[in-house]
Amino acid sequence: MTALLEPGRYFADGNFAITEGALVGGCRFFAGYPITPSSEVLERMSERLPKLGGHFIEMEDEIGSMAAIIGASNAGAKSMTATSGPGFSLMQENIGLGIITETPTVVLDEMRAGPSTGIPTRVGQGDVMQTRYGSHGDLAPITYAPNSVQESFDITIEAFNSAEKYRQPVIIASDQVVGHLSEVLEVKPLEEYDVVQRMMRKHDDEKGVFSYTEDYVPMFVAGTGFRGNVDSLTHDERGYPSNEASVEKEMLEHLLGKVKKNEEKIVKYEEFLVEDAEVTVVAYGITSRAAKQAVRIARKKGLKVGLFRPITLWPFPQRRIEEIAGHTREFIVPEINYGQYSHPIREYSRSETREIHFPPGAIPDYGVILKEIEGAFK
Amino acid sequence: MNLGIRMYGMGGQGIITLAKLVGEATLEDGKFVIMTEEYSPYITGGWSKADLVISDETIDYPLPEELNYLVTLSQEGFDTTVKELAPESTILTEKSLVTVPQDMKLRSIEIGGIEISKSLKNPKGANIVLMGAFSGLTKIFSAESGRRAITKRFPKYVDANIACFERGYEEGVKYGR
Amino acid sequence: MLKEPKISDDQREIWREPINYEKFFKPRGEVHIIPERCKECNYCTNYCPKDVLERSPTVNSHGYHPVRVRPGKEDSCVACGMCQTICPDFAIFIREVQT
Amino acid sequence: MTTEEFHPKHALIRDERFPNVWCPGCGLGILLQSYLNAVEKSGIPLDQQVLVSGIGCTARLPGYAKFDSYHTTHGRAIPFATGMKIANPELKVTVVSGDGDLFNIGGNHFIHAARRNMDLVVICSNNFNYGMTGGQHGSTTPLTSRSASTPYGNVEPTFNLPYLASALGASYVSRWTVMHPRQLAKSIRMAMETKGFAFIEVLSPCPPNFGKFNGFGDGFEEMEFYRSKSTVQNDARLEDVSIDPFHGKPVVLGDFVNRKRPSYIMLENELVRKAMGVKK
């Protein structure tokens, strides 16, 4: 069997890193539909998966891709798809299917300029709220936003782990720049990576398909003799559909609760000079790298500014933002969109929040962020 | 040290490959490097370009502060980028495709990459000739690292490409300072 | 030359071919009904070749008149199983009994 | 007569969920019966049987069968099943869904699965309308017939499903009605033995909607009408088998296609073995 990526240093791009990270994370099934700028993930998967005894299929569309990876996961394979905005829109319904059927899987949404077809080859960050509220009904999504090639690799492994731990589709909201920029990728020996293996239900388990009293129950997988029913309708613990509001309440509180209760374990962020910051910049993905540059220069000018970078966009790093709001009088949220993540920041910080709207299509100019920082100190 | 390099060409000339090889070789030499790429929506016939930032420290912002080098295989690349170059910059062009104006203030070196690659019976290797020339000229990465990067990337066509690289290197060294 | 009659595979499966008919007993069936499941669609009453079944005058908890064996026809079922195969609600089945 | 709780299919159904949701006279229970009969006869281990459905009345069927069953989203049963089958080729995956689910919203997935010759059994219960939402017209509603959304009669030509499936290269294609439960069961068994894409169209009544709108008193009457128009013709020219019983056209039934073509799973397995460097 051809091995996974050899340990070492690579000059690689984000798409390469995500693909190889997924394979380390245990991905053995990929279904997708080509779309700029994530197509390289699909192409590389088509070459790599068969060598590892995995399976690759190029589906007829993104709707089918999302359905196929949920199907594959229910048949026991760790699965993934990769897309960009237009495809991600098409996947929303079946992301909801993954949520209600508690099926682990990973979805890469490499954000590009929108709306609609937008500029396929250029960056955007306009899907941030779609990763949160895109699928109908209440849900508690887990979304990661890597900002480097190294993090693209590491976070994909973590995304697979989270998918297994919390049994739901996990989204990686990368962007066109991170997907396509090349820089160093250091790969450690395989045994140094924690990979969560799927916990499977035993066929003689007396319990139902789901459990609403435990956060985690091992998953039943087709063909193992469990003979259970998995339903996209609101269902009870046996997996049987129900029209009762009480069952909906029980199920939904479990689906939301398993993420909410483990928020502290899931939430990840990086901070740069935040401790004493009077003004805090909040930025994610490629924008965070421009923001870091701006913060660095502003500090040299004596301005007490810090950078908070959410790595998990969702669940929202609520507790930490509230804490920072204790000593920060103002937040600045630069994004490659017209104001999305700024809303929860404003809501949870209850502080003055400036928005910087970078139009999709280009890497943000850090000078603009710097000017805004300076403005906040005037 | 913080250098900005732009590579520019037409789709199909292997500009992105060239930039990746330069990046890979520079990384081999223990430096930090980041590369962003951009291309027109047309698969062939359009333009493509890559910007590299090379530094001794980790790099946050992926775009160059200023451009110190331009490597171009197209006139368009020359015309659009020349205005953006920092003073004291160096330009490396493909002789047969780019005409450098007489009154050019910046240092510019013309290499006949296409001709050389054809003479070495590797007509697709013009970008590799320029890679060699860039190494010889700037010493930003060593010839050894360049060879290693090529070997890694083209395991099936090592010899033909190394030949191009080395001829390019010889040309570049002539102009080296 | 005599031609063999054309019989398709599925016809073979359905047909009973009585060989030495005299030597065999006529099969007898015992009708089992799960009245709570019956929705009085009448498929079985229409399909029974011996006209054994009819709607009962009583209703089940869903308000349907479940089928029952027509009085006087208790011994008429020949265990063909058609009612069982055609019942959409799994409400009727036949056990063959030895006479 | 005795009343007894244990139906012979007791072990194959989720008894506790009966009576089922279907209307009196609906044919879906008969389809379920036929499926179970086929499963019993097929000899395929019960633990390998998987049922996948989309959304609609038919899509509720897997929930009543005691196998690994998956009720997915509208129109997406085939890609879901495709993922399952590829991830674990040991499974015998059957998609059972309605005409609206498989051919209107899910039409694209159907044509691609058939083209790939994906190793699935796809059973389409065709009742000529959208039953669950109240009997609106769909791509299988016969010309001039009434529905909740064609009050003046339908003007759209219909899909000819066996012709479509056959043109796409399906390995097995047949059509029956729920009034042919034994032929249907046999057909499902043959589909399960098929390597590649097997498609079965099953005509079924919709008593409160399509049936009512078109003057049928109950499900039995509607089915008797189709049956009276039906002819079994295994070698029918599939171009001619579109359904139009209201204008005197016969309803042609039969096992139309049964051919050998390399299946997707077969070819993909070969590809994976080659990529892994496994020698034959």
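Every test in (1) part of a helix (DSSP H, G or I); (2) under 16 Å from residue B:19 (Cβ atoms); (3) touching a Phe, Trp or Tyr at 6+ places or on another chain (Cβ under 8 Å) is passed by residue B:147 save one, and that test is (2). Does residue A:135 satisfy being at pLDDT 95 or above and either out of contact with any Pro (no Cβ under 8 Å at 6 or more places or on another chain) or more than 23 Å from residue A:286 (Cβ to Cβ) (or both)? For residue A:135, the condition - at pLDDT 95 or above and either out of contact with any Pro (no Cβ under 8 Å at 6 or more places or on another chain) or more than 23 Å from residue A:286 (Cβ to Cβ) (or both) - is met. With a cut-off of at least 1 residues that are within 14 Å of another protein chain (Cβ to nearest Cβ) and more than 16 Å from the chain's Cα centre (by Cα), name the strands (runs of 3 or more DSSP E) lying wholly within region D:155-270. So the answer is D:230-232, D:251-258.
Of A:43, A:60, all but one fail to be out of contact with any strand residue (DSSP E or B) (no Cβ under 6 Å at 6 or more places or on another chain) and either at the interface with chain D (Cβ under 10 Å from one of its Cβ atoms) or open to solvent by less than 20 Å² (accessible area, probe 1.4 Å) (or both); the exception is A:60.
Restricting A:321, A:363 to those that are free of Cβ contacts under 8 Å to residues at least 40 places away in the same chain, open to solvent by less than 40 Å² (accessible area, probe 1.4 Å) and either assigned by TED's automatic domain parsing to the domain that holds residue A:289 or in a strand (DSSP E or B) (or both) reduces the list to A:321. On the basis of being under 16 Å from residue A:157 (Cα atoms), at pLDDT 95 or above and in contact with a strand residue (DSSP E or B) (Cβ under 8 Å, 6 or more places away or on another chain), does residue A:17 make the cut? Yes; evaluated as a whole, the condition is true for this residue.
Scanning region A:176-231 for residues that are of a type in the set (Ser, Thr, Tyr) and either under 30 Å from residue B:16 (Cβ atoms) or open to solvent by 20 Å² or more (accessible area, probe 1.4 Å) (or both) turns up A:182, A:193, A:212, A:213, A:216, A:224.
Pick out, from region D:1-100, the strands (runs of 3 or more DSSP E) lying fully within it that include 1 or more residues that are acidic (Asp, Glu) and at pLDDT 95 or above. Fully inside region D:1-100 and qualifying: D:68-71. Among the residues making up region D:120-147, a single one is assigned to a strand (DSSP E or B), touching a Gly at 6+ places or on another chain (Cβ under 8 Å) and open to solvent by 10 Å² or more (accessible area, probe 1.4 Å): D:130.
Of everything in region A:1-35 that's within 18 Å of residue A:109 (Cα to Cα) and hydroxyl-bearing (Ser, Thr, Tyr), which residue is most open to solvent (accessible area, probe 1.4 Å)? Taking the candidates together, the pick is A:33. Scanning region A:67-94 for residues that are among the aliphatic types (A, V, I, L, M) and crowded, with 24+ Cβ neighbours inside 10 Å turns up A:67, A:68, A:69, A:70, A:72, A:75, A:77, A:80, A:82, A:91. Note on region A:52-148: enclosed helices (runs of 4 or more DSSP H) holding 2 or more residues that are within 18 Å of the chain's Cα centre (by Cα) and farther than 28 Å from residue A:240 by Cα are A:85-100, A:128-133.
Within region B:1-43, the set of residues being closer than 22 Å to residue B:152 by Cα, open to solvent by 30 Å² or more (accessible area, probe 1.4 Å) and more than 13 Å from the chain's Cα centre (by Cα) comprises B:12, B:28, B:29, B:30, B:31, B:32. Note on region A:255-300: residues that are part of a loop (DSSP other than H, G, I, E, B) and either at pLDDT below 95 or open to solvent by 10 Å² or more (accessible area, probe 1.4 Å) (or both) total 8. Being in contact (Cβ under 8 Å) with a residue 40 or more places away in the chain, within 9 Å of chain A (Cβ to nearest Cβ) and of a type in the set (Val, Ile, Thr) is the filter here; which residues of region D:70-118 pass it? Correct list: D:78, D:86, D:93, D:111. Restricted to region A:213-254, and to residues that are part of a loop (DSSP other than H, G, I, E, B) and charged (D, E, K, R), which residue is farthest from residue A:100 (Cα to Cα)? Per the stated criteria, the residue is A:227.
The values are calculated or read from the model by the stated rules, or taken from the named source; none is laboratory data. Owing to the predicted nature of the structure, the values given are computational and were not obtained by experimental measurement. Ideal geometry is used to build each Cβ from the backbone, glycine not excepted, and the neighbour counts take in all protein chains shown. Please note that ligands, DNA and RNA were not included when accessible areas were found on the heavy atoms of the full protein model with its side chains. Shrake-Rupley method; radii C 1.70, N 1.55, O 1.52, S 1.80 Å.
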